[in-house]
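These notes concern the structure reproduced below.
Just so you know, all these numbers are worked out from the coordinates, no wet-lab data involved. Here the structure is a predicted model, which means the values were calculated and not measured. Please note: Cβ atoms are built from the backbone with ideal geometry, for glycine as well, and neighbour counts cover all protein chains shown.
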Amino acid sequence: MKVIETFLGDCLLLEPAVFSDERGHFYESFNEDRFNALAGEEVRFVQDNQSYSTRGVLRGLHFQRGDHAQAKLMRVLKGEVLDVAVDIRPGSETFGQHFSVVLSAENKLQLFIPRGFAHGFVVLSPEAEFFYKCDNYYHKESEGSIHYADPELGIDWDLEASELVISGKDRESPSFAAFRQSL
């Protein structure tokens, strides 16, 4: 597995070694020892999540606070998404900056987002199966969100606003300025 560092430092893009022949392909999608060596820290994943969405569905920007913060390892099993991580760690040199990457079943890339980041994705293909591991259990009382279209963040979701399918909850998410004031 190859690691591609991002400008957000602790967010890592992982590219697996894929072995292909006339029968198809094989790759190791996760190996705890190898992953921890590449990440430079011990991460113990305890929960797997999977979602199915159609083109234009945008989920995010979500995070968990305090003791319930989550590191995540994302990948796409079917289709293609634009995956976005926003640094919300107070005092970080990249606070408020985001990294985005296309994850797809075809490119097999995985994005590791450590604790202290908000996360979101939008489906670019007709449909997508999105899969991710978390190092902490979901805790409803600790969930938070930031508005996906906050102009201060300036995220380009690669689709027109009219194409986006967004939950009422995500439409009502607070601004990044409101999030900063809550710190």
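Would you call GLU106 surrounded by fewer than 20 Cβ atoms within 10 Å (Cβ to Cβ), in contact (Cβ under 8 Å) with a residue 40 or more places away in the chain and over 14 Å from the mean Cα position of the chain (by Cα)? The answer is no for GLU106. Of all residues in region 44-99, those that are surrounded by fewer than 17 Cβ atoms within 10 Å (Cβ to Cβ), among the aliphatic types (A, V, I, L, M) and within 15 Å of ASP135 (Cβ to Cβ) total 1.
For region 142-152, the condition of being farther than 28 Å from ASN36 by Cα, touching a residue at least 24 places away in the same chain (Cβ under 8 Å) and over 17 Å from the mean Cα position of the chain (by Cα) holds for at least one residue. The residues in region 135-158 that are crowded, with 17+ Cβ neighbours inside 10 Å and either outside any strand (DSSP E or B) or out of contact with any helix residue (DSSP H, G or I) (no Cβ under 8 Å at 6 or more places or on another chain) (or both) can be counted, and the count is 10. Entry remark, region 59-96: residues being in contact (Cβ under 8 Å) with a residue 12 or more places away in the chain, over 23 Å from LYS169 (Cα atoms), in contact with an Asp or Glu (Cβ under 6 Å, 6 or more places away or on another chain) and not in a strand (DSSP E or B) number 2 in total.
If the condition is being under 18 Å from the mean Cα position of the chain (by Cα), over 10 Å from LEU58 (Cα atoms) and not charged (D, E, K, R), then region 120-138 contributes SER125, ALA128, PHE130, PHE131, TYR132, CYS134, ASN136, TYR137, TYR138.
Across region 28-58, the number of residues qualifying as assigned to a loop (DSSP other than H, G, I, E, B) and either among the charged types (D, E, K, R) or touching a residue at least 60 places away in the same chain (Cβ under 8 Å) (or both) comes to 11.
Residue count for region 9-27, restricted to those that are hydrophobic (A, V, I, L, M, F, W, C), part of a loop (DSSP other than H, G, I, E, B) and surrounded by 11 or more Cβ atoms within 10 Å (Cβ to Cβ): 2.
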